[in-house]
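K.L.:
Provided herewith is a single structure, encoded as structure tokens, for subsequent inquiry.
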Amino acid sequence: ADKDIVVGYSRFTEGEDFSNKTALFDNLIFTLQYMSMAIKNKPFAGLYKNLAYRKHLFFDNKGFSATLNYDNAEEVFVNYIMTENNTAIALSQDSYVSTELDNFSHWRKIKTAYSRAKFNFKGFTGGVFSLETLSRYLFYSLTIASIVYSIISQLWVYLGAAILLFIIRYIIQIVVLNKASDHFLTNRFHLSLPFLDLIQPYYNSYFSRISKNKKRRKK
């Protein structure tokens with residue numbers, strides 16, 4: 001009752017093609033990111049499809065006057081008015097909203113629009129997520145290198161250790177992400193998880209590059 005902003009969850013409907021599974025995985029990771037940061041009193045984003053804020057915040061900040069020139073002006077506006085103490089998250093499943101994802105082009109449009117808005121965020125915590133991405137790729141690179149080196153050198157103990165570490169991480173991911181998937185009413189991830197885990201940062205980088213190119217062309 002003492003919070004001025006409430007951030008909710010927006011899910012994609014499930015489809016059959018692989019790009020839909022990629023979008024569902026990316027949306028789940030992004031949801032965990034912005035909600036976990038809000039829980040830590042470091043909110044940075046809220047999807048305009050499912051958020052609420054008090055009327056006085058709109059008028060106290062002169063509405064969208066400072067963000068009208070930005071793509072996804074409302075998301076930039078919400079980022080501006082978020083503080084450590086005024087934001088809460090809605091975790092009740094009754095509060096969820098759904099978006100039908102038509103195809104890859106539709107998802108690309110959503111992601112590039114958010115990427116353009118993100119460039120104008122204040123206090124954006126992208127560095128934290130970049131570090132997570134770096135550690136993710138570092139883990140896969142070291143695991144593959146260890147497996148190849150162990151096979152070439154016939155160091156079977158090292159090979160077993162490398163495979164065991166990969167399996168442990170995979171099991172932890174499966175348990176954590178699928179528990180989150182169940183709560184957020186999205187599909188579970190199993191054998192496709194390592195591949196989705198690898199390509200998700202690539203797609204985000206791809207959409208970010210598209211956004212930067214469009215921004216340059218506008219100038």
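The values are calculated or read from the model by the stated rules, or taken from the named source; none is laboratory data. None of these values were measured; they are calculated from a predicted model. A quick note on method: Cβ atoms are made from the backbone with ideal geometry, for glycine too, and the neighbour counts reach across all protein chains shown. SASA here: full protein model, heavy atoms, side chains in, ligands and nucleic acids out. Shrake-Rupley method; radii C 1.70, N 1.55, O 1.52, S 1.80 Å.
K.L.:
Tell me the helices (runs of 4 or more DSSP H) entirely within the stretch 1-101 that contain at least 1 residues that are without any contact (Cβ under 8 Å) to a residue 12 or more places away in the chain, out of contact with any Ser or Thr (no Cβ under 9 Å at 6 or more places or on another chain) and farther than 18 Å from Phe207 by Cβ.
P.N.:
By residue number, 18-39, 55-60.
K.L.:
Quickly run through the stretch 40-82 and pick out the residues that are out of contact with any Phe, Trp or Tyr (no Cβ under 7 Å at 6 or more places or on another chain), closer than 13 Å to Phe121 by Cα and of a type in the set (Asp, Glu).
P.N.:
Asp71
K.L.:
Here's another thing I want to ask about it. State all residues of the stretch 102-117 that are open to solvent by 20 Å² or more (accessible area, probe 1.4 Å), over 13 Å from the mean Cα position of the chain (by Cα) and of a type outside the set (Asp, Glu); if no residue qualifies, say none.
P.N.:
Residues satisfying the conditions are Asn103, Phe104, Ser105, His106, Arg108, Lys109, Arg116.
K.L.:
Looking at the stretch 38-62, which of the residues that are more than 12 Å from Tyr80 (Cα to Cα) and among the aromatic types (Phe, Trp, Tyr) is surrounded by the most Cβ atoms within 10 Å (Cβ to Cβ)?
P.N.:
Restricting to residues being more than 12 Å from Tyr80 (Cα to Cα) and among the aromatic types (Phe, Trp, Tyr), the top hit is Tyr53.
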